[in-house]
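Notes follow the structure.
The values are calculated or read from the model by the stated rules, or taken from the named source; none is laboratory data. The model shown is predicted, which means the values in this text are computed figures rather than measured ones. Here the Cβ is made from the backbone with ideal geometry for all residues, glycine too, and neighbour counts use every protein chain on show.
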Amino acid sequence: MTEAVLYQQLLVGWTLLAIPVFVLLLFVRAPFGRHARAGWGPTMPNKLGWVLMESPAVWWFALVFLTGELTKSPINYFFFAIWMVHYLHRDLVYPLRLHDRGKRMPVLIGGFAFVFQLVNCYLNAAHLGRLGRTYELSWIADPRFLVGMALFFVGMAINLRADNVLLALRGPGETGYKIPYGGLYRWISCPNYLGEIIQWVGWAVATWSVAGLSFALWTVANLVPRALSHHRWYRQEFTEYPRRRRAILPGLL
């Protein structure tokens, strides 16, 4: 079996798998962060787990992209660059800013996330560097590129702004939870998740690829149930929690 055939089969199967995972996560809360609970096996420090589970998005993505023989245009390299900027921040900068002393995550959860990144990064990096397409320079004037990049950077800005609000809630040594205010927190409980969804929908549109669509679907499948769980948790923990807030879509969900 050639890599191209394997890639297509993996891409279809992986994309379809997002549907049952979405349904499962509506009923099973991933046991880390505010939803941490016993019974999920050995644990590891939260920061270490975060760095390890996100790391394939840096080294594996780069390896698959750079070793591929597909002719790479400046646009292919541009997509590679914005992916790396996002994940270098997510894998190295963001964890170091967390105030989570003493918090741990199950090794099993970190392992699931690591495997997800291996597959997802291979599919997207292979599209850009091995088996997908070479984007001509004229692609920068294509409406799909322009709309996709607008969504990508708007989503990134929303995500970073929301993360900064959360990080500012805790001082050094603090580990408890507080109600976030400001920005999109006025209307929803998880603007960080909304921003990430918008970002990867933008990636799917800008690359106009099934690999990008698959990533966008997986982002929705993971983060929408997580946002719903966070929203219910906030309402249970804080009697003064704003009643008009929704979980992830203002006024809707």
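Figures for the structure shown
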{"item": "Residues of the stretch 221-253 satisfying the condition of being assigned to a helix (DSSP H, G or I) and crowded, with 18+ Cβ neighbours inside 10 Å", "result": "ALA221, ASN222, LEU223, VAL224, PRO225, ARG226, ALA227, LEU228, SER229, HIS230, HIS231, TYR234"}
{"item": "Residue match in the stretch 36-53 (condition: assigned to a helix (DSSP H, G or I), over 24 Å from ASP163 (Cβ atoms) and either in contact (Cβ under 8 Å) with a residue 60 or more places away in the chain or among the aromatic types (Phe, Trp, Tyr) (or both))", "result": "no"}
{"item": "Residues within the stretch 171-187 that are in a helix (DSSP H, G or I) and surrounded by fewer than 17 Cβ atoms within 10 Å (Cβ to Cβ), tallied", "result": "2"}
{"item": "Members of the stretch 204-233 found to be more than 12 Å from the chain's Cα centre (by Cα), under 16 Å from LEU11 (Cβ atoms) and free of Cβ contacts under 8 Å to residues at least 60 places away in the same chain, listed by number", "result": "ALA204"}
{"item": "Residues within the stretch 188-218 that are buried (at least 22 other Cβ atoms within 10 Å of the Cβ), touching a Lys or Arg at 6+ places or on another chain (Cβ under 8 Å) and of a type in the set (A, V, I, L, M, F, W, C), tallied", "result": "4"}
{"item": "Filtered residue count, the stretch 111-144, keeping only those that are over 18 Å from PHE61 (Cβ atoms) and either touching a Lys or Arg at 6+ places or on another chain (Cβ under 6 Å) or crowded, with 18+ Cβ neighbours inside 10 Å (or both)", "result": "1"}
{"item": "Positions within the stretch 34-72 being among the small types (Gly, Ala, Ser), farther than 15 Å from VAL119 by Cβ and within 23 Å of the chain's Cα centre (by Cα), in sequence order", "result": "ALA36, GLY49, ALA62"}
{"item": "Answer from TYR122, TYR94, TYR77, TYR87 - the residue that is aromatic (Phe, Trp, Tyr), modelled with pLDDT under 90 and in a helix (DSSP H, G or I)", "result": "TYR94"}
{"item": "Test result for LEU137, more than 21 Å from the chain's Cα centre (by Cα) and touching a residue at least 12 places away in the same chain (Cβ under 8 Å)", "result": "yes"}
{"item": "Among residues of the stretch 59-68, those that are assigned to a helix (DSSP H, G or I) and surrounded by fewer than 20 Cβ atoms within 10 Å (Cβ to Cβ), counted", "result": "6"}
{"item": "Cβ pairs under 6 Å, 6+ apart, first in the stretch 75-97 and within 30 Å of ASP142 (Cβ to Cβ), second buried (at least 19 other Cβ atoms within 10 Å of the Cβ) and of a type in the set (D, E, K, R)", "result": "ARG90/GLU54"}
{"item": "Residues being more than 23 Å from ASN159 (Cβ to Cβ) and either assigned to a loop (DSSP other than H, G, I, E, B) or among the hydrophobic types (A, V, I, L, M, F, W, C) (or both) - total across the stretch 97-107", "result": "3"}
